[in-house]
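Nothing in this text is a laboratory measurement; each read-out follows from the coordinates by a stated rule. Please read these numbers as outputs of a predicted model, since none were measured by experiment. Glycine also receives a Cβ, built like all others from the backbone with ideal geometry; neighbour counts cover every protein chain displayed.
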Amino acid sequence: DSVVQIAKAFKPEDHSVNYRQFADLKQIAIVANQFNIGHLTQGIGDLADCIDMISVNDNVSGKDRQTVMRVMAYIDENYKTASLNEMAFNENMSISTLSRLIKEYTGKNFSQLLLEKRFAKAAKLLKDTTLAISDIVTAVGYDNNSYFYRVFKEMYNVSPKEYRRLGKTDTGNEL
């Protein structure tokens, strides 16, 4: 609401700007009013994470970079059920070729990337919701609570219950 009020109160002629700039500001206000800033921030963060995961490698083609970006987007959108077989099929590539490409660009294999995404999502759900931990385990694509608890503790140095209790905001491995 405050963004819209600023846009309505803004008079371009009073500030030596052209009407196009005012229209841009008004459009931004309209868009900002339609979306929760938290969702926008999360989306930008997810995109930045995907870009960060892909190392700059001048020896590999732009087509291969695009393939790896699609893999990262696929993991981001389908972390619960993602599979290397499905992605290789979608890209019309062999599993070994796609695996090599992923490793070359990110330094990690498909399984590692998927595990990191699932546990980052679980950490966010632990922090932001009151869902039962067993429901979070299922929500991120696992059916074995013991495995989830063990790996979570290895990654975050605390149990999921303790992570939630501490209200940990960082999704890194420290603590």
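Once you keep just the Cα pairs under 8 angstrom separated by 6 or more residues, what percentage relative contact order results for the stretch 99-157?
Values: 25 pairs, mean separation 12.1, N = 59.
It comes to 21 percent, rounded to a whole number.
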Cross-link table Lys124/Lys153; Lys127/Lys161; Lys103/Lys124; Lys63/Lys103; Lys63/Lys124, entries beyond 22 Å C-alpha to C-alpha: Lys103/Lys124; Lys63/Lys124
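Sorted by average packing, counted as other Cβ atoms within 10 angstrom per residue and highest first, what order do 120-132, 87-99 take?
Values: 120-132: 16.4, 87-99: 14.4.
The densest-packed peptide leads the list: 120-132, 87-99.
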If I model a spin label at Glu162 and Asn109 as a point 7 Å from the Cα along the Cα→Cβ vector, what separation in nanometres do I get? 2.9
